[in-house]
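Worksheet: the structure to be examined is printed underneath.
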């Protein structure tokens, strides 16, 4: 369906790893563990969620057993509201019961929430054991599975509790997208569009030329693979330059500062992550236009592409004081100043702490996007 498997290397000073993208590769997981030179008979804890475990976990577990390892499956709910310390405790309990050792593995089989939780549990069990990402949603394939960010939410803000913990391998089977609901697919497209805005104008133009971006069924299969590979390649290059987000890696947060406000103030129940990021991109795009950072034409191109992907762009009706409180509690605040990723043109952004509160309040007073 997607032709041969492609390999993208994430080259880091320590803990470099490979991202494999292909078709019908999910059940090669046992062989992939062998190549990592994990001792035979080693314990493996697989974390998944009901919607993914039902079609994939049986053969996945059999592949691990067939290569001489001892797997255990733990199924957790995967909504963003489940990304809590309570869920991490469930993983730690399973790790203890399955007697995971420092040479053991935790594998995330699911979307971004499962990956974030499994990775954080791996980072904190025995002060850090190996883990593998097997993402099954578009969003987790192009974003969450690569880069080593792991963690859970705090009641006052998203991803405030976490650790950098790079995977040993990312195994992407594009065929798993066939069981992904259309809404989840569109959510992933928000992160793809983000890459176009921040760094890859060619990808952005390709997306503009596509006839429909709202469903896997309506997109050319070659384009899907290209979208995934281009997105991962962009992220890998940025992570290689700035693994711990001390500088340029922050551009990957485009749309996320306002997006996290949307998620936090709605209790993670109304909008999917990508939908919230889309709203956040439209918000900071509007503010950037108001402050002459970029043109009305580029703002229109961004918002039209988001709408083409079936994504929301209108700012919700939140109380302004709640928005400002949430913004100031974001983990990207530095020295008391909110850092925003601001677009200059399609394919180029800057990081700035110079957006004054008055500019944010002015946008919130308008609420609706200009285009």
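None of the figures in this text is laboratory data; all of them are computed from the coordinates on show. For clarity, every value in this text was computed on a predicted model and none was experimentally measured. Glycine gets a Cβ as well: all are built from the backbone with ideal geometry, and neighbour counts include every protein chain shown.
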Only helical DSSP H runs with n ≥ 4 go in: add -39500 (n - 2.57) per run for the chain, normalise by residue count and round the 222 nm mean residue ellipticity to 500 deg cm²/dmol.
-> -13500 deg cm²/dmol
In cubic angstrom per residue, the convex hull of region 250-298 built on its Cα atoms measures 79 Å³
Shape metrics for region 182-366, restricted to C-alpha atoms - Rg then Dmax, Å | 15.7, 47
Using R₀ = 51 Å, calculate the FRET efficiency as 1/(1 + (r/R₀)^6) where r is the Cβ-Cβ separation of residue 314 and residue 101; round to 0.05.
-> 0.50
How much of the DSSP beta bridge set in the chain is antiparallel, as a percent to the nearest 5?
-> 40 percent
From a point 7 Å beyond the Cα of residue 344 in the direction of its Cβ, which residues of region 280-324 have a backbone N at a distance under 12 Å?
-> 293-294
Tilt relative to the chain, helix 50-66 - C-alpha long axis, 0 to 90 degrees, to 10 | 40 degrees
Between residue 154 and residue 237, with labels modelled 7 Å along Cα→Cβ, what's the label distance in nm to one decimal, could you check?
-> 3.5 nm
Mind pulling the angle between the C-alpha long axis of helix 296-308 and the longest principal axis of the chain? Nearest 10 degrees, somewhere in 0 to 90.
-> 40 degrees
Ranked packing of 239-247, 122-130, 311-319, most packed first, by mean Cβ within 10 Å | 122-130, 311-319, 239-247
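How high is the FRET efficiency between residue 126 and residue 77 when r is their beta carbon distance and R₀ equals 22 Å, given to the nearest 0.05? Walk me through the numbers before you get to the answer.
Details: r = 25 Å, r/R0 = 1.16.
For residue 126 and residue 77, the calculated efficiency is 0.30.
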Once residue 14 and residue 164 are pulled to full extension, the length gained, defined as 0.36 nm per residue separation minus their Cα-Cα distance, is 52.8 nm
Note the angle between two axes, namely the Cα long axis of helix 357-366 and the longest principal axis of the Cα atoms of the chain, as a number of degrees from 0 to 90, rounded to the nearest 10.
-> 80 degrees
Assuming a viscosity of 1.002 mPa s and a temperature of 20 °C, what translational diffusion coefficient in µm² per second does Stokes-Einstein assign to the chain, Rh being the Kirkwood radius over Cα pairs?
-> 103 µm²/s
Report, in cubic angstrom per residue, the convex hull volume of the C-alpha atoms of region 6-179.
-> 102 Å³
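Grab the Cα-Cα distance for residue 322 and residue 359, subtract it from 0.36 nm times how many residues apart they are, and report the gain in nm with one decimal.
Computed gain between residue 322 and residue 359 is 11.7 nm.
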Using alpha-carbon positions, what is the distance between the centroids of region 87-158 and region 290-326, in Å?
-> 31 Å
Quick note, region 15-60: a/c under 1.5 would make it rounded; otherwise a/b > b/c is prolate and the rest oblate (a ≥ b ≥ c, C-alpha gyration tensor); here it is oblate
